[in-house]
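The structure appears below as structure tokens.
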Amino acid sequence: MVKIVKPPKVDITRTVIGHLKAIGEATKQAIAPDTITIHYPRERRKYPDNFRGLMIFSKDECISCFRCAHICPANAIQMFPDENGRYYPGVDYAKCILCHFCIDSCPTAALKPSKIHDVAFKDVESMFIKEMDGIPEIKREDKKLVEYDFEEDLKITKRKYVENLIVEVPKPPRPKMIAAVKSPENCIGCRLCFFACPVDAISSKAEELEIILDTDPKKCTGCGICVRICPTDVLILQPVREG
Amino acid sequence: MFEELMSIFMGDSVNIPLIQPIVDTLMGIPLINLIVAFILWRPIFHILVIPGLLGITIILLWIVYWERKLTARVQWRVGPKEVARRAGGVIQTLADGIRYFFQEVIAHRDAHKLYFIQFPLISFLPVLLPLLFIPAGSVWGIRTIYALPIALALISLIPVFILGMGWASNNKFAYIGTVREAFIYFAYEIPFIISVIAMTVIYETADFFEIVAKQSIIPGVFINPIAFIVFLITLLIATSRLPFDIPEADQEIAFGPYVEYSGILFGLVMTLPYEKLYLLSLISVILFFGGWNGPAIPILGDLAPALWLFIKAFIFMSIVSLTRSIYGRYRIDQTLKMGWSKIMALSIIGLILSAGVAIW
């Protein structure tokens with residue numbers, strides 16, 4: 001069976017109304033367009049606080065717990081010693097996938113999220129930031145903050161307001177860490193920890209053939225120097241539990 | 001000899017009270033006074049200042065920017081903005097022009113070099129010659145009762161130059177564009193001329209001055225709207241405006257006849273449709289919108305009617321360029337079918353209506 005498709009009937013009234021509607025809509029848009037463009041360097045879109053941008057690190061908060069380096073799925077974070085012998089994270093942004101697992105895992109909020117998404121590096125080498133501390137240098141050109149309004153028709157509201165790109169996260173109480181003896185049978189009696197401790201919290205005495213190592217929890221500040229210096233992993237840093 | 005020339009120039013000069021003090025001071029300086037008198041000589045003022053070269057320059061600088069900006073606004077974009085941000089990018093066209101000026105002009109190996117280079121340059125002839133016959137109130141170039149047919153005949157020479165450019169380019173895209181131009185040339189030109197004839201039947205004259213004088217009460221568009229619709233559609237086809245950008249069609253054949261042009265030559269050929277649009281806008285304003293009729297401005301003297309004509313053409317062009325963002329593009333077969341059937345029928349209806357008006 002052959003089905004013949006007829007051309008649609010031409011209704012002059014409807015055609016004229018359609019033309020007039022099209023012309024009216026175009027005129028309306030030409031006079032007051034519903035443009036939703038953001039003029040990017042001069043205006044910035046308002047991003048949510050959980051936006052995953054560049055990581056901000058503050059050295060003073062860090063307790064060198066290595067959790068960020070351990071959790072990093074892209075293996076982008078490595079720990080580097082500074083001149084005092086403490087270890088701090090360094091990020092390779094060539095590897096980083098900006099998943100912010102490190103920020104979630106940080107117990108002291110030393111790593112903070114930010115809304116900085118526009119970063120330029122000169123070369124691959126400079127993407128490996130070994131010493132990150134504080135807020136990087138930001139050149140801001142934006143004068144306005146733009147917010148999308150998705151209710152009813154898509155609209156934007158522009159406010160003359162410069163947003164702070166660093167997200168302030170509530171600072172968790174810093175856990176008190178102290179050095180504790182984990183495996184005393186490994187101790188070889190070198191007494192490196194004894195000499196390294198800045199507050200003389202470590203005491204050691206030899207009883208017959210055994211060496212008894214002890215730490216004073218009242219004096220210990222949890223700096224971790226003894227833990228790192230021990231050649232046989234006798235000492236570890238332990239969080240102090242309440243009670 | 002200078003005195004003879006001065007007497008010729010001064011005998012038919014434009015009188016503008018606003019700049020009269022400056023003119024009087026310049027007249028005191030020898031040799032400069034000859035130049036000033038030459039520019040103020042009526043035919044030269046018409047062809048050089050308004051609505052001539054200066055008017056064309058202003059229109060070109062404006063319409064390219066305006067067309068881009070208007071389309072951008074309707075399509076929820078922003079359009080040209082970065083050149084002169086505070087003024088919204090008004091001098092974008094000027095910047096483009098400067099860029100064209102310093103770009104290398106390449107005449108490729110297969111082109112007919114002589115014609116390839118001279119056609120863009122001499123294509124100003126059919127733009128400036130009809131301008132001589134289109135008067136602007138008290139400023140006119142050549143005054144004759146056959147001004148309208150002569151102007152139309154000269155304007156319809158422009159496609160010939162476009163065909164020449166496409167032929168000299170010796171390129172397949174240029175060839176396709178040229179053939180398309182030739183096809184639609186016949187499709188639009190006949191209804192266009194019939195719609196103009198319809199208006200001349202109403203006014204019973206082809207002299208622009210009498211046409212404008214007869215529209216002092218009712219503009220022509222209200223007397224014969226059908227002829228105006230035909231004129232508008234054929235004007236869009238004739239100037240390759242969207243939705244009828246069939247010969248140029250940058251999506252399909254990359255600017256058609258102009259595909260091989262670069263540098264300042266491209267700048268010249270690209271402005272050709274806009275110049276044609278300007279000329280046809282002037283004619284349509286005179287035929288349908290009362291020409292240079294408008295409130296008198298005593299301080300501008302002879303310039304006032306010319307300014308009214310220019311402003312009307314300016315607004316007309318600005319509104320016409322809105323069709324770009326309203327309608328989808330037509331194929332060549334649709335345009336040909338429309339041109340030979342519907343528009344032709346409509347133009348004949350307009351002619352009959354005019355005849356009825358003229359008899360009544």
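A few remarks follow.
- Residue that is within 16 Å of the chain's Cα centre (by Cα), at pLDDT 85 or above and surrounded by fewer than 20 Cβ atoms within 10 Å (Cβ to Cβ), where the choices are B:Leu121, B:Leu114, B:Leu129: B:Leu129
- Within segment A:197-241, the set of residues being polar (S, T, N, Q) and assigned to a loop (DSSP other than H, G, I, E, B) comprises A:Thr221, A:Thr232.
- Subset tally (residues that are within 14 Å of another protein chain (Cβ to nearest Cβ) and not in a helix (DSSP H, G or I)) for segment B:59-89: 12
- When residues of segment B:163-206 are limited to those that are of a type in the set (S, T, N, Q) and either assigned to a helix (DSSP H, G or I) or within 16 Å of the chain's Cα centre (by Cα) (or both), the one nearest to B:Glu248 (Cα to Cα): B:Thr178
- Out of B:Met1, B:Met6, sole residue that is out of contact with any Asp or Glu (no Cβ under 8 Å at 6 or more places or on another chain), surrounded by 13 or more Cβ atoms within 10 Å (Cβ to Cβ) and not aromatic (Phe, Trp, Tyr): B:Met6
- Residue within segment A:3-26 that is modelled with pLDDT of 85 or more and either closer than 30 Å to A:Pro170 by Cβ or surrounded by 15 or more Cβ atoms within 10 Å (Cβ to Cβ) (or both) present: yes
- Of the residues making up segment B:95-120, those that are polar (S, T, N, Q) and part of a loop (DSSP other than H, G, I, E, B) number 1.
- Among the numbered conditions (1) under 30 Å from A:Thr221 (Cα atoms); (2) out of contact with any Cys (no Cβ under 9 Å at 6 or more places or on another chain); (3) in contact (Cβ under 8 Å) with a residue 12 or more places away in the chain, the only one that A:Ser105 does not meet is (2).
- The set of residues in segment B:121-162 being closer than 13 Å to B:Leu272 by Cα and not in a loop (DSSP other than H, G, I, E, B) consists of B:Leu121, B:Ile122, B:Leu125, B:Pro126, B:Val127, B:Leu128, B:Ile155, B:Ile158, B:Pro159, B:Val160, B:Phe161, B:Ile162.
- For segment B:296-330, the set of residues classified as of a type in the set (Phe, Trp, Tyr) and within 14 Å of chain A (Cβ to nearest Cβ) consists of B:Tyr327 only.
- Condition met for B:Tyr274 (aromatic (Phe, Trp, Tyr), touching a residue at least 40 places away in the same chain (Cβ under 8 Å) and under 30 Å from B:Arg143 (Cα atoms)): yes
- Verdict on A:Glu61 being of a type in the set (Asp, Glu) and free of Cβ contacts under 8 Å to residues at least 40 places away in the same chain: no
- Qualifying residues in segment A:157-192 (those that are among the hydrophobic types (A, V, I, L, M, F, W, C) and out of contact with any Ser or Thr (no Cβ under 8 Å at 6 or more places or on another chain)) - the one nearest to A:Ile38 (Cα to Cα): A:Val162
The values are calculated or read from the model by the stated rules, or taken from the named source; none is laboratory data. Keep in mind that what you see is a predicted model, and the values were worked out from it rather than measured. When we count neighbours, we look across all protein chains shown, and the Cβ atoms used for this are built from the backbone with ideal geometry, even at glycine.
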